[in-house]
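The values are calculated or read from the model by the stated rules, or taken from the named source; none is laboratory data. It should be emphasised that the depicted structure is a prediction, and the values quoted were computed from it without experimental measurement. FYI the Cβ positions are ideal-geometry reconstructions off the backbone, even for glycines, and counts take in every protein chain you see. Keep in mind that these areas ignore ligands, DNA and RNA; they rest on the heavy atoms of the full protein, side chains included. Shrake-Rupley method; radii C 1.70, N 1.55, O 1.52, S 1.80 Å.
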Amino acid sequence: MQILLGFIFGFLSSVGFGIVTNNPRRTLMPAGWVGAIAWVIYIVAGWYDHGVIMPNLLSAVVIGLLGNLAAILVRAPVNIFYVPCLVSLVPGAIIYDSMKNFTLGYDNLAAHGLIKALTVGLSLAIGFIIAEAISNKIYPPLKKYLEQKNR
């Protein structure tokens, strides 16, 4: 049940943020699928690793790989897929709580939250780097095939 709800809300959040950021209509459905799959990966990885690094890292790798594939298939810039799919992984609530704790004078809680947010941000960035390295090796033949097919 948790996976189904995660898939649905991951899809809706990616499509919704794609609408908010004025992405082309033809990219909304693929972005929704990529975001939904990434969120399911986040949930499943969270079952096995209760930290924040591995679920975010794996989700970022999935967004990077599937986002690049969708960009090739739909013929759109990859950022059109990265941005709406990444929204649900950004540690906004953690940063908010850290700033709230800082203003209330709970410096240790604030520092802990900020380090956690930085850790999530770094794991997302490293996940995208890994995905780009893999994509640059496996997707050029697909892109070349599609270009030849459309001539």
ask   = Out of the residues in segment 44-61 that are open to solvent by less than 20 Å² (accessible area, probe 1.4 Å) and hydrophobic (A, V, I, L, M, F, W, C), which is nearest to S123 (Cα to Cα)?
value = A60
query = So which of V34, V74, V40 ends up being without any contact (Cβ under 8 Å) to a residue 60 or more places away in the chain, within 30 Å of K143 (Cα to Cα) and touching a Lys or Arg at 6+ places or on another chain (Cβ under 9 Å)?
reply = V74
query = Does segment 130-151 hold any residues that are within 17 Å of the chain's Cα centre (by Cα) and in contact (Cβ under 8 Å) with a residue 12 or more places away in the chain, and which are they?
reply = I130, A131, E132, I134, S135
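Rundown of residues vs (1) within 10 Å of P84 (Cα to Cα); (2) in contact with a Phe, Trp or Tyr (Cβ under 8 Å, 6 or more places away or on another chain); (3) surrounded by fewer than 21 Cβ atoms within 10 Å (Cβ to Cβ), yes/no style:
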site	(1), (2), (3)
I8	no, no, yes
G18	yes, no, no
V34	yes, yes, no
V40	no, yes, yes
request  = Would you mind listing the helices (runs of 4 or more DSSP H) fully within segment 1-107 where at least 1 residues are more than 15 Å from the chain's Cα centre (by Cα)?
outcome  = 2-20, 25-48, 53-74, 92-104
